[in-house]
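Below: one structure, written as structure tokens.
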Amino acid sequence: MLSWDELENACLSCRRCGLAEGRTNVVFGVGNREADVMFVGEGPGYYEDQKGEPFVGRAGQLLDKMLESVGLDRQKVYIANVVKCRPPENRDPLPEEQECCLTFLRAQFALIRPKILVCLGRISAKVIIDRNFSITNERGLWFERKGVWMTATFHPAALLRDEGKKPLAWEDMKAIRSKLKELAK
Ligand code: URA
């Protein structure tokens, strides 16, 4: 298994797919490398690409508030994306780009060994939980695989577009807090 340094260096110099062409920075991941809970988004946007850190734009500010609402923050959790380089015009990452980048996410997951994995949005849930995952119908459900509990909630950017989804996202965050308590026993 790669060490964190080896993994991060490999990721920062990766040119396996076309997204490498347009990036300013690789957005590797941030947070606690011994976290019980890992959040996985889709891919960097403009601000993330500029800064090299996930979820630092408007959606990120909302994610911080969502974390804070259940007593979590960036020092307590780990945050990463399915793809580490910004897709042009913030389009969905292509299946082949996701495939190229998944080795990094898998390696991050293997090093952290979180108890809970939270998918932020459709793309992440399809890659991690099930390729037919429906965020509308299946968010908030829990799936256990090899001792790891997985769930998905709306992407914070979707909550910014549709405030009506916020109460459901709030329920999901409370369920994550409860699951964490349950697993800490
Ligand atoms: N959206 C994502 O999915 N990830 C980020 O890092 C920022 C916005």
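Readers should treat all values here as calculations from the given coordinates under stated rules, not as data from a laboratory. A quick note: this is a predicted structure, and the numbers were derived from the prediction, not measured. All Cβ positions, glycine included, derive from the backbone under ideal geometry; neighbour counts span all protein chains shown.
Descriptive notes on the structure:
- Residues located in segment 8-52, provided they are of a type in the set (Asp, Glu) and either over 24 Å from Ile129 (Cα atoms) or more than 9 Å from the ligand (Cβ to nearest atom) (or both): Glu8, Glu21, Glu34, Asp36, Glu48, Asp49
- Qualifying residues in segment 13-29 (those that are among the aliphatic types (A, V, I, L, M) and touching a Gly at 6+ places or on another chain (Cβ under 9 Å)) - the one farthest from Gly147 (Cα to Cα): Leu19
- Residues considered: Gln50, Gln108, Gln75. Of these, the only one that is without any contact (Cβ under 8 Å) to a residue 40 or more places away in the chain and among the polar types (S, T, N, Q) is Gln50.
- Restricting attention to segment 53-63, the residues that are among the charged types (D, E, K, R) and either surrounded by fewer than 17 Cβ atoms within 10 Å (Cβ to Cβ) or more than 14 Å from the ligand (Cβ to nearest atom) (or both) add up to 1.
- Failed item, numbered, when Val77 is tested on (1) within 13 Å of the ligand (Cβ to nearest atom); (2) closer than 22 Å to Val127 by Cα; (3) β-branched (Val, Ile, Thr): (1)
- Annotation: of all residues in segment 73-117 being assigned to a strand (DSSP E or B) and in contact with an Asp or Glu (Cβ under 8 Å, 6 or more places away or on another chain), the one that is surrounded by the most Cβ atoms within 10 Å (Cβ to Cβ) is Asn81.
- Within segment 118-127, the residues that satisfy the criterion of being crowded, with 23+ Cβ neighbours inside 10 Å and either within 14 Å of Gly18 (Cα to Cα) or touching a residue at least 40 places away in the same chain (Cβ under 8 Å) (or both) are Val118, Cys119, Leu120, Ser124.
- Any hit, segment 40-52, residues being surrounded by 20 or more Cβ atoms within 10 Å (Cβ to Cβ) and assigned to a strand (DSSP E or B): yes
- Arg139 more than 15 Å from Asp36 (Cβ to Cβ) and exposed (fewer than 13 other Cβ atoms within 10 Å of the Cβ): no
- Among (1) over 16 Å from Pro114 (Cβ atoms); (2) crowded, with 17+ Cβ neighbours inside 10 Å; (3) charged (D, E, K, R) - the single one Asp36 does not satisfy: (1)
- Condition check for Val27: aliphatic (A, V, I, L, M), touching a Lys or Arg at 6+ places or on another chain (Cβ under 6 Å) and in contact (Cβ under 8 Å) with a residue 40 or more places away in the chain: yes
- Taking segment 145-175 as the range and being of a type in the set (A, V, I, L, M, F, W, C), more than 16 Å from the ligand (Cβ to nearest atom) and in a strand (DSSP E or B) as the test, the residues that pass are Val148, Trp149, Met150.
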